[in-house]
Amino acid sequence: MAYSETKCSEWCFVHTDFVVLKKLSGMNHTALITGASKRVGKALAEHLASKGWNIIIHFNSSEKPAEKLENELRQKYPQQKFGRVKANLAIESEVERVIPLVVSEFGPLDLLVNNASVFNPGYLKETDAQLFDSQINVNLKAPFLLMRDFASHCKKGNIINFVDTRITTNKSNFAAYSLSKKGLWELTKMAALEFAPEIRVNAIAPGVTLPPEDKDEKYLWNLAKNIPMKKPGGLEPILKSLDFILENDHLTGQLLFADGGENLGQNA
Ligand SMILES: NC(=O)c1ccc[n+]([C@@H]2O[C@H](COP(=O)([O-])OP(=O)(O)OC[C@H]3O[C@@H](n4cnc5c(N)ncnc54)[C@H](OP(=O)(O)O)[C@@H]3O)[C@@H](O)[C@H]2O)c1
């Protein structure tokens, strides 16, 4: 689909329903992180920026937090490049514009992190086609299309997919969500095989990490009572898993559980 472009200043390109903002400077490793304006995605962006990466913050509804994060990173790391890209990952045409647009503005990416996700409950019997599509489109189809486009536009680098420790169970209270993440793990292995050796593809499976936005820490600690390590993991195990994947250049098609042993089940 054609789209118009309006130059609104030296650093801002506005497309009709799609925005990329950029600032040029000098570093050479660039990561695109989906859903990077808040929570886990924001922590990934801050962590990689602290290690010298240029960061493209993808967002959908969180425009202000994305802008704030970009400005903070730019101030803290003036030698690096930061930008942001808006796309609704539930809409195929928006997903398919992300990589070509980002690459045209910033050059080839070195890392794609598929972090953005929706997480809505529903047993199988309660899941209508709309709920099914909403989880599958954002959590599986969008990563599929982004990975395909990363491979064809960037040629080499790393892809890291965020799945969920739930993929090890058959609990169906988040049936469509769980299925989307099980699919993303299968896709990780398939892509790792097809894209090797130029592109490594791995996954991280968080467990009890952060409470949903409408719940508090108490909710999280309550959930953590049932996992082997008996406490929420927070962000650190995820960031350490990210580093491990990036630093181990023989690792591909692997899944790191950052879940305090939750994938093992319960010992009683
Ligand atoms: N938090 C946990 O305890 C936990 C546990 C297990 C697995 N995980 C996995 O770890 C990853 C990060 O978790 P999180 O809790 O930080 O995620 P989250 O807050 O639920 O979602 C991250 C971002 O996804 C984006 N997103 C949602 N729908 C979108 C759409 N239609 N188009 C584009 N972006 C969309 C949102 O961006 P906008 O705000 O810009 O709309 C949101 O900020 C996820 O993949 C999640 O499944 C997390």
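What follows draws every value from the coordinates through simple rules; no lab data is involved. All values reported here derive from a predicted model rather than from experimental measurement. Positions of Cβ are generated from backbone atoms using ideal geometry, with glycine treated the same way; all protein chains shown enter the neighbour counts.
Summary table below
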read-out: Relative contact order (%) - criterion: Cα under 8 Å, at least six apart; region: the chain; value: 15 percent
read-out: The chain - mean residue ellipticity at 222 nm from DSSP helices (-39,500 (n - 2.57) per run, n ≥ 4, rounded to 500); value: -12000 deg cm²/dmol
read-out: Cα-based reach from residue 125 at 20 Å (exclusive), listing aspartates and glutamates while leaving out same-chain residues under 8 positions away; value: 133
read-out: Assigned charges on the beta-carbon of Lys, Arg, Asp, Glu; the range 117-268 dipole about Cα centre (debye); value: 280 debye
read-out: Over 22 Å between alpha carbons, listed pairs 76/156; 181/230; 189/230; 76/215; 38/64; value: 76/156; 181/230; 189/230; 76/215
read-out: Relative exposure of 153, 58, 250, judged by other C-beta atoms within 10 Å (fewest first); value: 250, 153, 58
read-out: Neighbour-count ranking [beta-carbon atoms within 10 angstrom, fewest first] of 128, 164; value: 128, 164
read-out: Cβ-based charge dipole, the range 136-231, positive-most Cα from 174, 210, 229; value: 229
read-out: Length released on extending from residue 186 to residue 63, taking residue separation times 0.36 nm less the Cα-Cα span; value: 41.1 nm
read-out: Proximal charge balance of residue 51 [Cβ under 11 Å; K/R count +1, D/E count -1]; value: -3
read-out: Sorted by Cβ neighbour density within 10 Å, fewest at the top, the residues 77, 123, 177, 219; value: 123, 219, 77, 177
read-out: Along principal axes, Cα extents of the chain, largest first, whole Å; value: 61, 39, 39
read-out: 18 Å Cα-Cα threshold exceeded, pairs from 42/231; 42/81; 171/218; value: 42/231; 171/218
read-out: Estimated distance in nm for a label pair at residue 267 and residue 223, the labels positioned 7 Å out from Cα along Cα-to-Cβ; value: 2.3 nm
read-out: Charge dipole magnitude, Cβ of K and R +1, D and E -1 - the chain, Cα centre, debye nearest 20; value: 460 debye
